[in-house]
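Have a look at the structure below before the remarks.
The values are calculated or read from the model by the stated rules, or taken from the named source; none is laboratory data. Because the structure is predicted, anything quoted here is derived from the model rather than measured. Neighbour counts are summed over all protein chains in view; Cβ atoms, including those assigned to glycine, are modelled from backbone coordinates with ideal geometry. Note: areas computed on protein heavy atoms with side chains; ligands, DNA, RNA excluded. Shrake-Rupley method; radii C 1.70, N 1.55, O 1.52, S 1.80 Å.
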Amino acid sequence: MDVPLWFAVLVVAVLGIRLARPPWWLVALLLLGGYLVANSFLAPTVATLLD
């Protein structure tokens, strides 16, 4: 069974938000921070740390 990556990430995110119940400002802050880091000069450093 082939599941698209975007769908798997969406399911995990929804389950995580429903089960952990973090505040919405924290979810927005993490999403914005991840977006900003991915488009900055820190992106290669973060990529090497995650590999």
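Structural remarks
- For the chain, accessible area per residue (1.4 Å probe, heavy atoms of protein chains only), Å²: 95 Å²
- With all pairs of different C-alpha atoms in the average, the Kirkwood value for the hydrodynamic radius of the chain is 12.9 Å.
- Here the chain exposes an accessible surface that is 77 percent carbon and sulfur, computed with a 1.4 Å probe and the other protein chains kept in place.
- At the residue level, LEU30 shows approximately 120 square angstrom of accessible surface with a 1.4 angstrom probe and all protein chains present.
- In the chain, chymotrypsin sites (Phe, Trp or Tyr not before Pro) in a DSSP loop with at most 15 other beta-carbon atoms within 10 Å: PHE41
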